[in-house]
Amino acid sequence: MDISLVDVAKTFGPNQVLSGIELTFHAGEITALLGPSGSGKTTLLNIIAGLLPATSGRVVVGARDVTALPVEARSVGYVFQAHALFPHLTVGGNVEFPLRVRGVSRRARREKAFEVLDMVELAGLAGRPIATLSGGQRQRVAIARALAADPAILLLDEPLSALDPDLRGRIRLELRGLLDRLNIPTVLVTHDRDDAFVLSNRIVLLQGGRIIQDGTPEEVYRQPVDEDAARLLGAANRVLIQGRYRLCRPEDLVIAGEDEPAHLTITVDRVHFLGAHRRVVGRSEGGEAIVTDLPGQLRCLAGSTLRLRLRDLDEPAEPRRLQAMSHG
């Protein structure tokens, strides 16, 4: 079942938080809402859930307009940033809770709790207190609780933000495997590019309450519609080459060989060793700030110069949308 937002807007007093949002989330699709703080991501999630009313526009589930319905009538599973688990209940008790509120029989809710806990590979921990679980296990309990009521849509607000970096990397893959098995729309809010890339098959970029790009992770990274969109997904360079401004990622710039012409020359300001590569920050002859990634075994020092080539400048493949811009 698809979920659609039709010309959704939201204001808080004089502040326009969302404007003209048109989106459809499809069954089996995982969509990441990505944008800076204040871009309207969580507000949009809360409007879908019914936790906030839209100032204008409609929320449609299948063919049903649910705009005026309260949260309990929308069939939404919501996993909050802090998980919001009940510490006095067991794992099973937490998962059963939304079913108990709905008056589901004890036997039926236990069967459903076991089913969804088995899905998230925690069936053996139903009797455990929440306090004894790891961060990753608590996250899975929160997801199981959201799935217990067979929601029409699953919403996740910064689902990995409470985890330390090492655990976050491992849980990303586990969570993606779980989400891939669901045949409902899944929408997650994140500030983290890696979360968006690993967890979703669609990314919607928000800025200033508006959608600035919508596409697959590779499309929005490789074909940004403008510089704002490019920088939401990592470092990007806007450089003047052969009389035209071009947009490129740090990995697109490579060292020019001795017998090759360079597209630009930079003076190195800083070098950061990042293991597999070194991130070099410098300035072009025209004064543009340039960031490039070089292999980790290559060394260069602040104050040195580097002759660089844009990797795919002369390749016949379809250019990036912003790779060629008029001078100025």
Could you tell me which of the residues ASN183, ASN201 is among the polar types (S, T, N, Q), in the same structural domain as VAL120 (by TED's automatic domain parsing) and over 19 Å from the mean Cα position of the chain (by Cα)? ASN183
Selection count, region 1-50, where residues are under 20 Å from ARG64 (Cα atoms) and out of contact with any strand residue (DSSP E or B) (no Cβ under 8 Å at 6 or more places or on another chain): 4
Note down all Cβ pairs under 6 Å where the first residue falls in region 30-54 and is in contact (Cβ under 8 Å) with a residue 40 or more places away in the chain and farther than 10 Å from LEU206 by Cβ, the second is among the basic types (Lys, Arg) and surrounded by fewer than 23 Cβ atoms within 10 Å (Cβ to Cβ), and they're at least six residues apart or on different chains. THR31/ARG202; ALA54/LYS10
Give me a count of the residues in region 17-33 that are within 24 Å of ASP228 (Cβ to Cβ) and loosely packed, with under 15 Cβ neighbours inside 10 Å. 3
Can you name the number of the only condition in (1) of a type outside the set (Gly, Ala, Ser); (2) under 28 Å from GLN139 (Cβ atoms); (3) touching a strand residue (DSSP E or B) at 6+ places or on another chain (Cβ under 8 Å) that HIS83 fails? (3)
What single numbered condition from (1) assigned to a helix (DSSP H, G or I); (2) surrounded by fewer than 18 Cβ atoms within 10 Å (Cβ to Cβ); (3) touching a residue at least 40 places away in the same chain (Cβ under 8 Å) fails to hold for ASP150? (1)
First in region 271-297 and over 19 Å from ARG231 (Cβ atoms), second anywhere and among the polar types (S, T, N, Q) and surrounded by fewer than 17 Cβ atoms within 10 Å (Cβ to Cβ), Cβ under 6 Å, 6 or more apart: GLU285/THR265
Quick check on my filter: what residues within region 199-241 are free of Cβ contacts under 8 Å to residues at least 40 places away in the same chain and either surrounded by fewer than 19 Cβ atoms within 10 Å (Cβ to Cβ) or polar (S, T, N, Q) (or both)? ILE212, GLN213, GLY215, THR216, GLU218, GLU219, ASP228, ARG231
Do you know which residues across region 193-231 are in a loop (DSSP other than H, G, I, E, B) and not small (Gly, Ala, Ser)? ASN201, THR216, GLN223, PRO224, VAL225, ASP226
Qualifying residue in region 254-261 (condition: surrounded by 11 or more Cβ atoms within 10 Å (Cβ to Cβ), free of Cβ contacts under 8 Å to residues at least 60 places away in the same chain and within 14 Å of ALA235 (Cα to Cα)): no
Check region 34-53 and report whether any residue there is in a strand (DSSP E or B) and either modelled with pLDDT under 95 or surrounded by 15 or more Cβ atoms within 10 Å (Cβ to Cβ) (or both). yes
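The values are calculated or read from the model by the stated rules, or taken from the named source; none is laboratory data. Fair warning: this is a prediction, and the values are worked out from it, not measured in the lab. Glycine also receives a Cβ, built like all others from the backbone with ideal geometry; neighbour counts cover every protein chain displayed.
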